[in-house]
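Readers should treat all values here as calculations from the given coordinates under stated rules, not as data from a laboratory. Just so it is clear, the model here is predicted, and its values are computed rather than measured. Methodologically, a virtual Cβ is constructed for each residue, glycine included, from the backbone with ideal geometry; neighbour enumeration extends over all protein chains shown.
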Ligand code: AMP
Ligand code: MG
């Protein structure tokens, strides 16, 4: 299959209408979208990514009224979070309507819904005329793509079209919050922080990960975001003795500076988050063996950043 590259949301939308899957930018990472009501198109997402079929997809809406196409019950807590954080990098898990096909939610009775805060994404979804299910537009297991070039590197020839935009602003995937119970439960940390959520609903909690309990968010059991290189988390950058073909990302200049093949110094935590996945991809292209990532405190955006780094570091 020839993958079309375009900057036109209207042209990209035509592929969705004809049952194809399309990569598009959002403020978090690039997504791979299909019509939420088209079983055959959704199947193409799982095939193109090599994604396990028990990993549910997030539905992306272009305006608030489209929520009603996906769910028939929005609790008071969910309504408060939607009111405060939509559009934005927050996914809310709600009971799904019967009309949403089982393949979209991997058989779950719930669906994750998000409205991106990104003009090109919103124009594209609007032109499609339906909500889109969209996981990150990478091959399963690889770091999520934050540029259209990264999408092309993974999915060229496997999808119909890439809607080209700028590198993504946040660089990490959305926060996922389960709002089907009494209190919101954060299933995946992201750019909307725990602190921000608790400002609106103080009872919001982080999901406890119990290996024996069935995963509430099946995607979390998979290895994610992993470069080919080994990822090592370091608290004190002065302790690193880099072997050949090493790279570093973090805030402070490590000793043995000249022995790193690749290095990215970040000024802010936002910049660290924005560059992490792209840095992983550049390291892979460069044949790096070990990537040292400086640890950050697990508050604010640091919780999501450390979650992604820890997953990448898991053997
Ligand atoms: P991705 O789209 O690749 O960023 O992955 C989506 C993430 O959201 C995965 O971790 C999924 O398990 C999670 N997710 C999507 N839909 C649901 C749902 N209905 N219930 C729980 N988790 C979900
Ligand atoms: Mg993903």
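Tabulated values for the structure
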read-out	value
Least to most buried among 263, 115, 194 (fewest other Cβ within 10 Å first)	263, 194, 115
By average C-beta atoms within 10 angstrom, highest first, the peptides 92-103, 231-242	92-103, 231-242
Cα centroid separation - the stretch 252-313 against the stretch 97-168, whole Å	25
Full-extension gain in nm, residue 286 to residue 241, via 0.36 nm per residue minus C-alpha separation	14.2 nm
0 to 90° range, to nearest 10: angle between helix 269-285 axis and the chain longest Cα axis	80
Acute angle (nearest 10 degrees) that the helix 119-128 long axis makes with the longest principal axis of the chain, alpha-carbon atoms	30
Gyration tensor verdict on the chain (Cα atoms; rounded if a/c is under 1.5, prolate if a/b is larger than b/c, oblate otherwise)	oblate
Simple label model, 7 Å out from Cα along Cβ direction - residue 40 to residue 83, nm	4.4
Euclidean distance of C-alpha centroids, the stretch 172-196 and the stretch 59-85, integer Å	14
Angle in degrees between helix 301-313 and the longest Cα principal axis of the chain, rounded to the nearest 10	70
Model label zone, residue 182; criterion: amide N under 17 Å from point 7 Å along Cα-to-beta-carbon; scope the stretch 46-81	75-78
Simple label model, 7 Å out from Cα along Cβ direction - residue 109 to residue 6, nm	4.0
Label-to-label distance, nm, for residues given as residue 149 and residue 119 (7 Å Cα→Cβ offset)	2.4
Whether the stretch 87-144 is rounded, prolate or oblate, judged on the alpha carbon gyration tensor where a/c under 1.5 counts as rounded	oblate
Whole-number percent relative contact order across the chain, with pairs defined as alpha carbons under 8 Å at least 6 apart	21
